[in-house]
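Visitor: Pasting in a structure now, in structure tokens, and then I'll have a few things to ask.
The values are calculated or read from the model by the stated rules, or taken from the named source; none is laboratory data. Please read all numbers here as calculations on a predicted model, not as lab measurements. Reconstructed Cβ throughout: ideal geometry from the backbone, glycine too, with neighbour counts over all protein chains shown.
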2 protein chains.
Amino acid sequence: MSARILVVDDILPNVKVLEAKLTAEYFDVITAFDGAGALERAVADSPDVILLDVMMPGMDGFEVCRRLRQDPQTRHIPVVMVTALTDVSDRVRGLEAGADDFLSKPINDHALFARVRSLVRLKTLTDELRARQATAGSSELEDLGAEEALAGAHVLIVDAQQHRSQRIADQLRQAGHEVEIVGDAAEAMQRSQAEPALDLAIVHIDLSGQDGMRLCGQLRSQETTRQLPLLLVLDESDLPRLAKGLELGVSDYLIEPVDRNELRARVRTQLRRRRYYHRLRSLLDRTVSMAYTDPLTGAYNRRYLKAHLERKLMEMADSSKPVSIMLFDLDRFKLVNDELGHDAGDAVLKEVSQRVGNNVRSFDMLARYGGEEFVVIMPDTDAEHALAVADRLRRLIGEKRFGVPGRDEGLTVTFSAGVATATDPMETGDQLLKRADAALYEAKGGGRDRVVAARP
Amino acid sequence: MSARILVVDDILPNVKVLEAKLTAEYFDVITAFDGAGALERAVADSPDVILLDVMMPGMDGFEVCRRLRQDPQTRHIPVVMVTALTDVSDRVRGLEAGADDFLSKPINDHALFARVRSLVRLKTLTDELRARQATAGSSELEDLGAEEALAGAHVLIVDAQQHRSQRIADQLRQAGHEVEIVGDAAEAMQRSQAEPALDLAIVHIDLSGQDGMRLCGQLRSQETTRQLPLLLVLDESDLPRLAKGLELGVSDYLIEPVDRNELRARVRTQLRRRRYYHRLRSLLDRTVSMAYTDPLTGAYNRRYLKAHLERKLMEMADSSKPVSIMLFDLDRFKLVNDELGHDAGDAVLKEVSQRVGNNVRSFDMLARYGGEEFVVIMPDTDAEHALAVADRLRRLIGEKRFGVPGRDEGLTVTFSAGVATATDPMETGDQLLKRADAALYEAKGGGRDRVVAARP
Ligand SMILES: Nc1nc2c(ncn2[C@@H]2O[C@@H]3COP(=O)(O)O[C@H]4[C@@H](O)[C@H](n5cnc6c(=O)[nH]c(N)nc65)O[C@@H]4COP(=O)(O)O[C@H]3[C@H]2O)c(=O)[nH]1
Ligand SMILES: Nc1nc2c(ncn2[C@@H]2O[C@@H]3COP(=O)(O)O[C@H]4[C@@H](O)[C@H](n5cnc6c(=O)[nH]c(N)nc65)O[C@@H]4COP(=O)(O)O[C@H]3[C@H]2O)c(=O)[nH]1
Ligand SMILES: Nc1nc2c(ncn2[C@@H]2O[C@@H]3COP(=O)(O)O[C@H]4[C@@H](O)[C@H](n5cnc6c(=O)[nH]c(N)nc65)O[C@@H]4COP(=O)(O)O[C@H]3[C@H]2O)c(=O)[nH]1
Ligand SMILES: Nc1nc2c(ncn2[C@@H]2O[C@@H]3COP(=O)(O)O[C@H]4[C@@H](O)[C@H](n5cnc6c(=O)[nH]c(N)nc65)O[C@@H]4COP(=O)(O)O[C@H]3[C@H]2O)c(=O)[nH]1
Ligand SMILES: Nc1nc2c(ncn2[C@@H]2O[C@@H]3COP(=O)(O)O[C@H]4[C@@H](O)[C@H](n5cnc6c(=O)[nH]c(N)nc65)O[C@@H]4COP(=O)(O)O[C@H]3[C@H]2O)c(=O)[nH]1
Ligand SMILES: [Mg+2]
Ligand SMILES: [Mg+2]
Ligand SMILES: [Mg+2]
């Protein structure tokens, strides 16, 4: 995938060399020659990746990186520090300033394309998620910048040679990670599907006879490991094969013998990216479930109920299996609020929701319909059974007192319910709810704490 | 990116040839030899792409495709029909059965990798979106299967040669599309950023001197056109360059002279995929905004208010600019519901929300706090100005009657409001709301239809 790359270096020939290499690969290249220029271009042209020289007069690369990270407009753009210094402390400083990766000068083509392609691939995905989450102007996105501890990651090493894998494992364990070692592809595939989920796999290209890249291809082909960071370990002599590896989705690579600091740094950058992606994903997941659930009780909300009910009725029309619903309303609930306060009222609503939710089948659906009204949808359940369920739930609520704040002896809660069963394939969800509501009204009129079947 | 491919053909050597080609590219290949086997594998192994032979004894490819489309578990898996027949009617039948693309036997490697890679790339993205949307068990996802009309798409043709572009344009216009033609890359880039948004670009590889693939790279590097379908037009002799094109993100290609039916079919498959992606995206966008808005009024909901307010207060602590809030509650609203019905009540809530929303600044935020209570957050606004705004809004609501169903003369609505300004950086959102609430209580006690400033 092509992408826009911002190249920043104070030395013109350095910029030109990188520009030529990237342009030949059809990347879209923009350039800057100092820190101020870099910050300007980063905002104006929204590049996908920034290749950032460390040593520059005036503002150095570390400072540029820090400023990019402070600005919400540029915070999410991956930064690769380009450094002539092999000094480890510089890499650490780079990572602390918020860089995502680094390259050593003179720049090797393999390394360049490896870093850039893998950053672009992940960014395409995270941009898409960010854009979706941002639709509502969600201010929560900004919290994603916060850094989490990276220790304690689950790392799998796949290598047929004990002495190599053991050395890498020792170093990662020293860094605080949980490391497992397996010797071949089959074991690796098995572990990759098991719990706890892996955060990183380090795969040797040569699994005594088996091709390590084939294993990488298989991991990329599984839903569960499609986004798992993959570090390929290879010998200098295997470098010609690396291009294929990057194409199939390897995230980064290490050359044997693996340098201890290189290892830690590469592992760290992969884990950082993975965490970001995970945080973004779970934020979006939480947002999506908020759209469908009632914040107080965690039950589905009215909006979701309506959509779900229509769908179940359509399925019923196809399969001719009955669908029943139960609409129930807590008896004299206003008294709870008025006499014991809203906190007590809220506690009752939550516990009703929990008791009922745990006492119906998992494919039944509980929704909060309004203030103190709830609905249970029971697919594939006829009128007779639905009435029995409703009566079971009525006893479940009425027979055991509720604990509420400020009332030691607890509180007796009851409900009145109407149960309606859809048999006419033309009946809509609203009509079905209306019938249940009429039955509920009768239940209230008949003295409350009871279940009434709706008229067909 | 690697992926899992299911190859289906009744003739063993055909399966073996495809398997060998795909395996050499590190795809993970699974196979089936008839329709029943294909359906089984599709469910059990969730492939990313299915290459499906048309002519098979028993269940033919069209029928397999139709069944894959009926099953919610396999509906979203891209299907490429592989046909020995060059007959156009077969392609049409394939598309009608729900195929996403097709390949002609004998299979050309370029064509094979082009189709597979482009399907996998989009699927990675749509799988991610589907997974997010599915978090809450959203049943709405299933509606995405429904087919929309494909005519009326906005297609851009980029070619320096008038006679070629004109011929393609004529054919697409006959198919009901809106076609624009530009002669070079600069014009194309310009058009790509303008309205109406493009649905497809058809780019000739040779733009008299300019490299058409460079333009494709640039389009892929722009946020707005990253997912735009790109068809590359090239001569037989340009085929060696195609691999790079596919790598940079070209979606598919056409060989000059472009066959009329091939053109229509390729355009159609690209548009279908784009529509699917768009529908998925906007479903997720709607879902996200549902999470943050009140369904009745469209104002932000209480959940969003809380998060947003905390953030504004944190920003205030950094910048020491004041933040003010106004909490208002409609006067004697219960009477509206009781005397005129819930529909009238709902209409009032909606109109209040509209009037207020249109009369505060776009960075001010209106949220529905509860039944008939609303909050306006005013960043960078001190107490004196916030009181003036509150009083302007009070007049805006009180001075012009509301139209309600069943009451021709309309209805006078008023509110009582409390205004509080955060000055202490340690004050929380809840504390600020509490102060505003106390002021609101005073306003009610003082006779309603008034604004009261909160005590510090
Ligand atoms: N949608 C829905 N339908 C419900 C529910 N509860 C009961 N039913 C329906 O009512 C029938 C009779 O329930 P039962 O008298 O409790 O008699 C039940 C009960 O004694 C036992 N049983 C089945 N599943 C469970 C379960 O998950 N927990 C318990 N404790 N017993 C179960 O097996 C008997 C027969 O079960 P079925 O043949 O399935 O027949 C069930 C089913 O059709 C519910 O929560 N949701
Ligand atoms: N009286 C009665 N209660 C019902 C019935 N169906 C569901 N429930 C209530 O709803 C709970 C959750 O049901 P589940 O999701 O089907 O989850 C159930 C189900 O997966 C399984 N299970 C229990 N009994 C049976 C059974 O008789 N047949 C089947 N097929 N599964 C059962 O164990 C899970 C937990 O069961 P429980 O602890 O009993 O918890 C059950 C039970 O309290 C029913 O027919 N009659
Ligand atoms: N047209 C229209 N009117 C609205 C809307 N929201 C609120 N109202 C009106 O405002 C009334 C008063 O609401 P409340 O004082 O919260 O009085 C509530 C409250 O005490 C209790 N309640 C409802 N939901 C909750 C809850 O989540 N927690 C607690 N603790 N109590 C609740 O139930 C009471 C009775 O509710 P209602 O009879 O519905 O009476 C509601 C209803 O007439 C709306 O969206 N549209
Ligand atoms: N957050 C927020 N603050 C508000 C709002 N309305 C007024 N203010 C604050 O109150 C000050 C005085 O408002 P004004 O008397 O209407 O006096 C205003 C008004 O006459 C005019 N003005 C400014 N913007 C607008 C606008 O969007 N529409 C209209 N009609 N007049 C505007 O310029 C004057 C001075 O404006 P400022 O210096 O900005 O000073 C404004 C601003 O600080 C509001 O809806 N939200
Ligand atoms: N009396 C008063 N009302 C205010 C003030 N600020 C906002 N409003 C109300 O809120 C509406 C939307 O404000 P906006 O989003 O800033 O959107 C505003 C803003 O972008 C711009 N605008 C209007 N007047 C001014 C102004 O004096 N200064 C600035 N900077 N922009 C203005 O035009 C847009 C539409 O303006 P309106 O139709 O007036 O519509 C304004 C006006 O009804 C204010 O200070 N005083
Ligand atoms: Mg330098
Ligand atoms: Mg009630
Ligand atoms: Mg055949």
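Visitor: So how many residues does the range A:36-56 have that are in contact with a Leu (Cβ under 9 Å, 6 or more places away or on another chain) and part of a helix (DSSP H, G or I)?
Guide: 5
Visitor: For the subset of the range B:211-259 comprising residues that are within 14 Å of chain A (Cβ to nearest Cβ), touching a residue at least 24 places away in the same chain (Cβ under 8 Å) and of a type in the set (S, T, Y), which member is farthest from A:L246 (Cα to Cα)?
Guide: B:T224
Visitor: Would you mind listing the helices (runs of 4 or more DSSP H) fully within the range B:330-406 where at least 1 residues are away from ligand 2 (no atom under 16 Å from the Cβ) and within 30 Å of B:E315 (Cα to Cα)?
Guide: Filter on the range B:330-406 gives B:342-358, B:383-398.
Visitor: Give the range A:63-84 a look and list any residue that's modelled with pLDDT of 85 or more, more than 25 Å from the chain's Cα centre (by Cα) and either surrounded by fewer than 20 Cβ atoms within 10 Å (Cβ to Cβ) or assigned to a loop (DSSP other than H, G, I, E, B) (or both), or say none.
Guide: Result: A:E63, A:R66, A:R67.
Visitor: Filter the range A:139-168 down to residues that are within 14 Å of another protein chain (Cβ to nearest Cβ) and over 25 Å from A:V49 (Cβ atoms) and give me whichever is modelled with the highest pLDDT.
Guide: That would be A:E140.
Visitor: Can A:V323 be described as within 14 Å of chain B (Cβ to nearest Cβ), within 16 Å of ligand 1 (Cβ to nearest atom) and of a type in the set (A, V, I, L, M, F, W, C)?
Guide: When the stated conditions are applied, A:V323 passes them.
Visitor: For the range A:106-134, give me each residue that is assigned to a loop (DSSP other than H, G, I, E, B) and in contact with a helix residue (DSSP H, G or I) (Cβ under 8 Å, 6 or more places away or on another chain).
Guide: A:I107
Visitor: Okay, next question. Given the conditions (1) of a type outside the set (S, T, Y); (2) under 39 Å from the mean Cα position of the chain (by Cα); (3) closer than 30 Å to B:D343 by Cβ, which single one is not true for B:G418?
Guide: (2)
Residues checked against (1) in contact with a Pro (Cβ under 6 Å, 6 or more places away or on another chain); (2) within 14 Å of chain B (Cβ to nearest Cβ); (3) away from ligand 1 (no atom under 16 Å from the Cβ); (4) not aromatic (F, W, Y):
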{"position": "A:V288", "(1), (2), (3), (4)": "no, yes, yes, yes"}
{"position": "A:P295", "(1), (2), (3), (4)": "no, yes, yes, yes"}
{"position": "A:E315", "(1), (2), (3), (4)": "no, yes, no, yes"}
{"position": "A:D331", "(1), (2), (3), (4)": "no, no, yes, yes"}
{"position": "A:R361", "(1), (2), (3), (4)": "no, no, no, yes"}
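Visitor: For the range B:307-332, which residues satisfy the criterion of being touching a strand residue (DSSP E or B) at 6+ places or on another chain (Cβ under 9 Å), within 18 Å of B:F374 (Cβ to Cβ) and not hydroxyl-bearing (S, T, Y)?
Guide: Listed by number, the residues that qualify are B:H308, B:L309, B:K312, B:V323, B:I325, B:M326, B:L327, B:F328, B:D329, B:L330, B:D331.
Visitor: I need the full set of residues from the range A:282-313 which are part of a helix (DSSP H, G or I), over 17 Å from B:S282 (Cα atoms) and among the acidic types (D, E), in order please.
Guide: A:E310
Visitor: Just need a number here: residues in the range A:407-432 that are farther than 27 Å from A:Y304 by Cβ and not in a strand (DSSP E or B).
Guide: 1
Visitor: Yes or no: B:D10 in a loop (DSSP other than H, G, I, E, B), acidic (D, E) and either away from chain A (no Cβ under 14 Å) or surrounded by 15 or more Cβ atoms within 10 Å (Cβ to Cβ) (or both)?
Guide: yes
Visitor: Report, ordered by the first and then the second residue, all pairs with beta carbons closer than 6 Å, sequence separation of six or more or different chains, a first member in the range B:121-132 that is of a type in the set (V, I, T), and a second member that is part of a helix (DSSP H, G or I).
Guide: So the pair list comes out as B:T126/B:Y277; B:T126/B:L280.
Visitor: What's the total number of residues in the range A:366-380 that are more than 16 Å from ligand 3 (Cβ to nearest atom) and surrounded by fewer than 23 Cβ atoms within 10 Å (Cβ to Cβ)?
Guide: 2
Visitor: Could you say whether any residue in the range A:399-412 is within 14 Å of chain B (Cβ to nearest Cβ), surrounded by fewer than 14 Cβ atoms within 10 Å (Cβ to Cβ) and within 15 Å of ligand 3 (Cβ to nearest atom)?
Guide: no
Visitor: A further question on this structure: Can A:A44 be described as on the phi < 0 side of the Ramachandran plot and away from chain B (no Cβ under 14 Å)?
Guide: Considered against the rule, which asks whether it is on the phi < 0 side of the Ramachandran plot and away from chain B (no Cβ under 14 Å), A:A44 comes out as no.
Visitor: For the range A:85-105, state whether one or more residues are of a type in the set (D, E, K, R), closer than 19 Å to A:S251 by Cβ and outside any helix (DSSP H, G or I).
Guide: yes
Visitor: If you check every pair at least six apart or on different chains, which have Cβ atoms under 6 Å apart with a residue in the range B:382-394 that is modelled with pLDDT of 95 or more first and a residue that is surrounded by 20 or more Cβ atoms within 10 Å (Cβ to Cβ) and in a helix (DSSP H, G or I) second?
Guide: As it stands, the answer is B:L393/B:V356, since those pairs meet every condition given.
Table: residues versus (1) touching a strand residue (DSSP E or B) at 6+ places or on another chain (Cβ under 6 Å); (2) within 23 Å of B:L232 (Cβ to Cβ); (3) within 16 Å of ligand 2 (Cβ to nearest atom); (4) in contact (Cβ under 8 Å) with a residue 40 or more places away in the chain.
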position: B:D9; (1), (2), (3), (4): yes, no, no, yes
position: B:V49; (1), (2), (3), (4): yes, yes, no, yes
position: B:G58; (1), (2), (3), (4): no, no, no, no
position: B:L103; (1), (2), (3), (4): yes, yes, no, yes
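Visitor: Name the pairs: first residue in the range A:443-456 and touching a residue at least 60 places away in the same chain (Cβ under 8 Å), second residue surrounded by 11 or more Cβ atoms within 10 Å (Cβ to Cβ) and in a strand (DSSP E or B), Cβ to Cβ under 7 Å, at least 6 apart or on different chains?
Guide: Between residues of the range A:443-456 that are touching a residue at least 60 places away in the same chain (Cβ under 8 Å) and residues that are surrounded by 11 or more Cβ atoms within 10 Å (Cβ to Cβ) and in a strand (DSSP E or B), the close pairs are A:K444/A:S416; A:R448/A:S416; A:D449/A:S416; A:V451/A:A417; A:V451/A:V419; A:A453/A:V419.
Visitor: Counting just the residues of the range B:297-313 that are within 11 Å of another protein chain (Cβ to nearest Cβ) and over 16 Å from B:P379 (Cβ atoms), which one comes out modelled with the lowest pLDDT?
Guide: Going through the qualifying residues, I end up with B:R303.
Visitor: Give me the residue from the range A:374-404 that is more than 37 Å from the chain's Cα centre (by Cα) and within 16 Å of ligand 7 (Cβ to nearest atom) and, out of that set, nearest to A:R302 (Cα to Cα).
Guide: A:R394
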